[in-house]
Every structure is written in structure tokens, then in C-alpha cells.
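The values are calculated or read from the model by the stated rules, or taken from the named source; none is laboratory data. Remember, it's a predicted structure, so these values are computed and weren't measured experimentally. As a convention, Cβ positions derive from the backbone with ideal geometry for all residues, glycine included, and neighbour counts pool all protein chains shown.
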Amino acid sequence: MSFKDTLYNEILPVVSKPSRYVGAEFNAVHKNPEDVDLRMALVFPDLYDLGLGNLGLHILYAILNDLPWCWAERAYAPAPDMEAALRARSLPLFTHESKSPLGQMDLIGFSLQSELTYTSVLNILDLAGLPLRTADRNGDHPLIFAGGPCAFNPEPLAPFIDFFVIGDGEEAIVEIAEAARAVKGRPRTEQLEAFAQIEGVYVPALHPSVDGPPIKKRLIKNLDKAAYPCRQIVPFTQQVHDRAGIEVMRGCTHGCRFCQAGMVGRPVRARGLETLDAIMEKTLGGTGYEEVSLLSLSTCDYPWIRPLLDQSARRARSANAAVSVPSLRLDTFSVDLADRITGVRRSGLTFAPEAATPRLRAVINKWIDDDELIEVAREAFRRGWQHIKCYFMIGLPTECDEDVEAIVDLCRRTLERCHAINRKAKLFTGISTFVPKPFTPFQWAEQISYDEILRRHAILKKGFARQPGLKFGHHEPESTFVEGLLARGDRRAGDLLEAAFRKGARLDSSSEYLNFTAWRDAIEEVGYDVDAAFAARETETPLPWAHIDVGIPKQWFQLE
């Protein structure tokens, strides 16, 4: 029985959500392998339900498949039942479009959106039948590369990835494909040397220490000229984000000291109104989605936001669709903007104060006072919204118990004032834990321990339990612990990663699947220094990502 017969007759009928693996979605690209010179798999190392909505993968998929000599296919991390079915039959993980084994590709590229996907990267390589470490692969194996936000500290994955793309990928991916086509069949070292000549590409094997020449990030200067996918893939199954995304702007001007995306995405670049209108028209016509989301780190800061919302609402109405803005600033201007585009449905608005005291907000460079937050919430309920959600962070530098208790107090005062307008008003919270990230002013800061996370959670739980109408939601401390182990790691973290994977860790971004015991056992096996990973660092200490150049001097981060 062929692989496809086994997949369709034996495996898909018995796994949950078989539509995750069909690969024949609307707008998926199918080519004849004999008509192309280069085959590439773009892999999102998490479940399909999360991965299909990733805009970066859509962009690269469209760009590569516009090249007549290249076929880019997709793959995602399998759910545990699919993994078990493949391993039981000794079958490899496959590309979605052609159902070809991943190992038959010329290149495999991973999108690194979170450190919590790293063990899934290893699991995918293993399921593909490939040696995990680059040193163990030969010319018969595909080249493995990776990009995305986590590539700004590539070192924890450096033992497993042949090369990384640092920064914007629209132009770099074409150059990579052209280089791969030109050197196909040559010795592996020659191929890697060819990729190393591309701006923004980092080859760990050719860069043994952080003292080498800096790798300058790739930067798309003009988004109007950048390729954009208007025929995004439409799935057969509901996604976490079930809508089309349109990126209106890249970068952020706010300068929150904990935010890596705002730092590495500089400078701010915006698409023009005419470009966005054309993209939206083509996207609605090319996908049939009933909702389009205007995406950026802070869409309300788009320079021509009111004209954008007006033209987007008109364009959406003509296609019987809705427009959403997922990232709102904390001011009445944002509520007014949301009011202009939402139409009839008013469910909830989301804001991110991050800290609940003026002192701590000054520390993180998030300038808003309590009265403004309360008035924004009151204005939202006055306009008919049913609930608001506020994101806060614990473990920020200089935080004390009074700052933690202030989260409950601020939410209580906000809800009390809102009940004067709407007795059914509800306020939800999302509490995350601060993880110091590379290329932020807080990259040298301490991360609180797992036990300390639990202690501060207990303070919040006790406070919220006494407040009807307030809902306490939080990120799992186990996820934060794993993320912190890897975010500032060097190549030694690769041993920890492999040990955790061997002990069963994968799909760590899901609390349902995160195997915390595997991580604890791996830490003990390799002797990983958890205290050192979480400890504060001197600003003069060499950092594992010192060889990456994001365009911001180290001195600026130190001053901040």
C-alpha cells in the first residue's frame, strides 16, 4: 500500500481533526514536481489550527510559488495522535500539498514565533527521518533554515539549524531560493558558504563565536513595494484566528522596555492607503473571508488611521464582511475608532496596561494613569460593549507585592465605576509573567523563579476571589519557566533542548501538551544552570546574540 493510501485509508479516519492534514485547501498551490528545479517546505512548528493564521508563512508561500521553477509546500507539527500513527507505521512526516516525505525537500524552513516551539522543531526533524544536529547531516539531507522573531537569538537552536534569516524575509527568501537553485548538488559546505553571502543570513557553522563580524538584519524599507499574499489559504476547519490578515504597518514607536517586537521592528514603516485598499479588495475577493483584521503592533498609530478605517469599512460592506482592529491603544481615541468599524456586534475590547501602578508603568515606559484607564473602560461600556479584557504582567523589574496587589485594586475600581453605566459590565484579566528578551532594555534583567510566579499568582487569586464580575486569567507558570530557560540561552541550551525532546517534550506552547516533567528531568540530566538562566546580568557581560545587528547600538539599550 502506498503512503497516500495508508494516510487516507488508515490514518486520517482515526485521528482527530483530519482536516488539519488534507492540504487541498482553497488557494493552496499544487505543482508538478518534475516541472520545478527547487522544492521547499515552509514549516510552522505548532498545530495547524495555530499555524495557518501566521501571516509571515502566507507571505513567503506566495512569493516562492510565484517563481515558476520553485514549489513551496507547507508542514505543521502533528497532533499527538497523528505522531503516534506515523511512528507506529514507521512513516515520515509529510508536506501538506503533495504528501511527500519532508526529507525529499531541498530546503526546510521553520518559522520561529516562540521559544515554546523549539522542541517541536526537533520533533519534526526526527519525524522526517533527519539527524537532529547539523554536524550529523550530509549532502543527501535537505538544508534546514529558520527565521522569525526568535531568530534574533539563534544560539539555542544553532546546533540543529543550518542557517538563520535575521529580519524581514520578503527579499531574502528569493535570494535564498536562487542561491539554493544555483548550488544544488554541490558539497554541503559550498552551499552554506553561498548562503552566508546573503545579507541577513547567519550560518552558525561558519560563525563559531560572537566575536565574528556582525550579521545585519534584513530590512524592507518600502512596504508598498513588498509582495503581499491576497489569495491567502482558506482552511476546511475553524482556526484560532479565522479571518484574513492585512498588515498595515511594521514597527512601533512606543518604546515599551520589555517589548522585543517593538525594538527589532524599527524603523516604523506603513503601507499607503491606496495600497491597502487594493490589497483588501483582492483579499476579500480571493478568499471569501467574512472578516479582515488590520494588523500591526499598534494599528491605532497608523498615520492615516481614520481614512483607513473609513475606506476599509466601505470595502468590507461591499463584500458583506467585517473589519477588526485587534491592537487598541489605551485611550478614548481607540474606543472611538473601534466604534466606527464594528457595526452591530459589540462583544469585547482588549487593552494592555501591563502594570497597575504609575511608578511601575514609568519603569516600563508605558505612560497612562489610572483615571485614563477607568475613563476608557467607562466609555467602552457607554457605547454598548459587553466586556473588556486587560492584560497585565507580573515579575517586571522593581516590582513588589504592592504592585501585584494594585492589579486587583485597579480592576476593582474600574469595574465599580463601569457598573454605574452598565450593571452587567464584566472585566477579564490576562496575567502573563515577564521574560527578559534579547534586544530590549530589559535584556539584562532578572526573571522571577517558578516558585515566585506561584506566590504572586496566589496573591492575585486571593484578591480576585473577593471581587464578583472580575475574572482572573493567567499564563501557565510552566510555560514561562521553559520560555525563560531558552530566551537568553547560548549554544549550550541545545543540549537541554535535545534532552527535553528525547524525554517527550513537544507542543510546549499548549498547556494541554506541555510535559513539565520532561523539562525538569532534562535539566537534571544535562546539569543546566537554571539560576544562571534567570539571573540578572551585568550590562558589560557579552551576550549570546552580540553578533546580531538590529540597527540599535548597545549603548542605547544600556542608557534605557
Considering region 513-543 alone, what residues qualify as being out of contact with any Phe, Trp or Tyr (no Cβ under 9 Å at 6 or more places or on another chain) and at pLDDT below 95?
Glu540, Pro542
Residue pairs within 7 Å by beta carbon, gap of at least six or interchain, first lying in region 84-107 and more than 19 Å from Gly23 (Cα to Cα), second among the basic types (Lys, Arg) and at pLDDT 95 or above, listed first then second, are Asp106/Arg39; Asp106/Lys184
Taking the condition under 28 Å from Pro397 (Cβ atoms) and among the acidic types (Asp, Glu), does Asp495 pass?
no
Would a scan of region 63-70 turn up a residue that is crowded, with 20+ Cβ neighbours inside 10 Å, part of a strand (DSSP E or B) and not acidic (Asp, Glu)?
yes
Just give me the residues in region 378-395 being more than 28 Å from the chain's Cα centre (by Cα) and not basic (Lys, Arg), in sequence order.
Glu379, Ala380, Phe381, Gly384, Trp385, Gln386
Scanning region 252-265 for residues that are crowded, with 19+ Cβ neighbours inside 10 Å and not in a helix (DSSP H, G or I) gives Cys252, Cys256, Arg257, Phe258, Cys259, Gly265
Filtered residues of region 43-55 (kept if closer than 23 Å to Ser16 by Cα and not charged (D, E, K, R)):
Val43, Phe44, Pro45, Leu47, Tyr48, Leu50, Gly51, Leu52, Gly53, Asn54
So Ala244 fits all but one of (1) modelled with pLDDT under 95; (2) closer than 30 Å to Val363 by Cβ; (3) surrounded by 16 or more Cβ atoms within 10 Å (Cβ to Cβ); what number is the exception?
(2)
So Val363 passes all but one of these: (1) at positive phi; (2) in contact (Cβ under 8 Å) with a residue 60 or more places away in the chain. Which condition number does it fail?
(1)
Are there any pairs, at least 6 apart or on different chains, whose C-beta atoms fall under 9 Å, with the first in region 156-176 and under 11 Å from Val203 (Cβ atoms) and the second polar (S, T, N, Q), and if so, which?
Ala158/Thr134; Ile161/Thr134; Asp162/Thr134; Asp162/Gln191
State which residue pairs qualify: first residue free of Cβ contacts under 8 Å to residues at least 40 places away in the same chain and inside region 217-235, second residue small (Gly, Ala, Ser) and surrounded by 20 or more Cβ atoms within 10 Å (Cβ to Cβ) in any location, beta carbons under 8 Å apart, and separation of 6 or more residues or different chains.
none
Selection count, region 444-468, where residues are within 30 Å of Cys418 (Cβ to Cβ), of a type in the set (A, V, I, L, M, F, W, C) and either loosely packed, with under 13 Cβ neighbours inside 10 Å or not assigned by TED's automatic domain parsing to the domain that holds Met393 (or both):
2
For region 306-330, how many residues meet the condition of being in a helix (DSSP H, G or I) and either free of Cβ contacts under 8 Å to residues at least 24 places away in the same chain or farther than 13 Å from Glu274 by Cα (or both)?
6
What's the total number of residues in region 189-216 that are out of contact with any Ser or Thr (no Cβ under 9 Å at 6 or more places or on another chain), in a helix (DSSP H, G or I) and not aliphatic (A, V, I, L, M)?
5
One residue is enough: does region 426-443 have a residue meeting the conditions in a helix (DSSP H, G or I) and crowded, with 19+ Cβ neighbours inside 10 Å?
no
On the given criteria, is Thr6 surrounded by 21 or more Cβ atoms within 10 Å (Cβ to Cβ), of a type outside the set (A, V, I, L, M, F, W, C) and part of a helix (DSSP H, G or I)?
no
Restricting region 199-241 to residues that are of a type in the set (Val, Ile, Thr) and surrounded by 19 or more Cβ atoms within 10 Å (Cβ to Cβ), which is nearest to Asn320 (Cα to Cα)?
Ile233
Tell me which of these Val363 doesn't satisfy, since it passes every other one: (1) within 22 Å of Asp403 (Cβ to Cβ); (2) outside any helix (DSSP H, G or I).
(2)
Kindly establish whether Phe534 is surrounded by 15 or more Cβ atoms within 10 Å (Cβ to Cβ) and more than 19 Å from the chain's Cα centre (by Cα).
yes
When you scan region 281-302, how many residues do you find that are surrounded by fewer than 17 Cβ atoms within 10 Å (Cβ to Cβ) and within 17 Å of Pro326 (Cα to Cα)?
2
Kindly indicate which of Gly185, Gly103, Gly139 is in contact with a Gly (Cβ under 6 Å, 6 or more places away or on another chain) and either surrounded by fewer than 22 Cβ atoms within 10 Å (Cβ to Cβ) or in a helix (DSSP H, G or I) (or both).
Gly103
